[in-house]
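Peer 1: A single structure is presented below for examination.
The values are calculated or read from the model by the stated rules, or taken from the named source; none is laboratory data. Everything numeric here is computed off the predicted structure, so don't read it as measured data. Cβ: placed from backbone, ideal geometry, glycine included. Neighbour counts: every protein chain shown.
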Amino acid sequence: MGYLPPVDWFLAFAKHEVLIEQHEHYSKGSYRNRCHIIAVNGFQRLTIPLRKGKNEQQPIKEVRIAYDEPWQIRHWKSITTAYGNSPFFEHFADKFRPFYMEKRYDHLWDWNMELLVLTLKLLKLEKPLSLTLSFENIPLNAIDLRELLDDKKAKEQEKQLLKYPQVFEDRLGFLPNPSILDLLFCAGTLRLH
């Protein structure tokens, strides 16, 4: 499960039976602790800093967030700068602001899960979140969205079919597959299914 996953992840979630892998090990270079928003100069990466040990193949539920620097405030400032003038920012900002200005989570899994639950609710994707009971290298009877959370593999695919107006589209053209925040703030609760 990723940090405010890309739009394609939610499109796949809306269309398929999905199991959230809760027994995998942290994967460096993935969207598990980072996302991409669209800012005035293009994609901007937001990365949640992790405590020492992140590269030691820790189980994803044990990965801890580092608070040595004010990353939450920086992320919120970047989000408000990028989307403050978007059509739906005022509608959704108060839902996300507490994650950056009030809440504090010890574990990355908990942070991501709470954001995922909120985002699914805002998107009106009323499907149950199903979690794996053990690690599944190749899930049976479910689509594997883990590749959509791998930065390199996701960029190779760049197959987003859903187009919507973006804040800086006049300067940058349409940029595919940013964080779901882009879709929410720019287009509201478009039906994904």
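Peer 1: Which residues, taken from the range 104-128, are among the charged types (D, E, K, R), exposed (fewer than 13 other Cβ atoms within 10 Å of the Cβ) and without any contact (Cβ under 8 Å) to a residue 24 or more places away in the chain?
Peer 2: Lys121, Glu126
Peer 1: Looking at (1) in a loop (DSSP other than H, G, I, E, B); (2) at pLDDT 95 or above, which one does Leu133 not meet, given that it meets all the others?
Peer 2: Condition (2) is where Leu133 drops out.
Peer 1: Test each condition in (1) of a type in the set (Lys, Arg); (2) touching a helix residue (DSSP H, G or I) at 6+ places or on another chain (Cβ under 7 Å); (3) more than 18 Å from His25 (Cβ to Cβ) for Arg104 and report the one that comes out false.
Peer 2: Condition not satisfied by Arg104: (2).
Peer 1: Taking helices (runs of 4 or more DSSP H) that do not extend beyond the range 1-108, which have at least 1 residues that are closer than 29 Å to Glu126 by Cβ and at pLDDT 95 or above?
Peer 2: 71-83, 89-101
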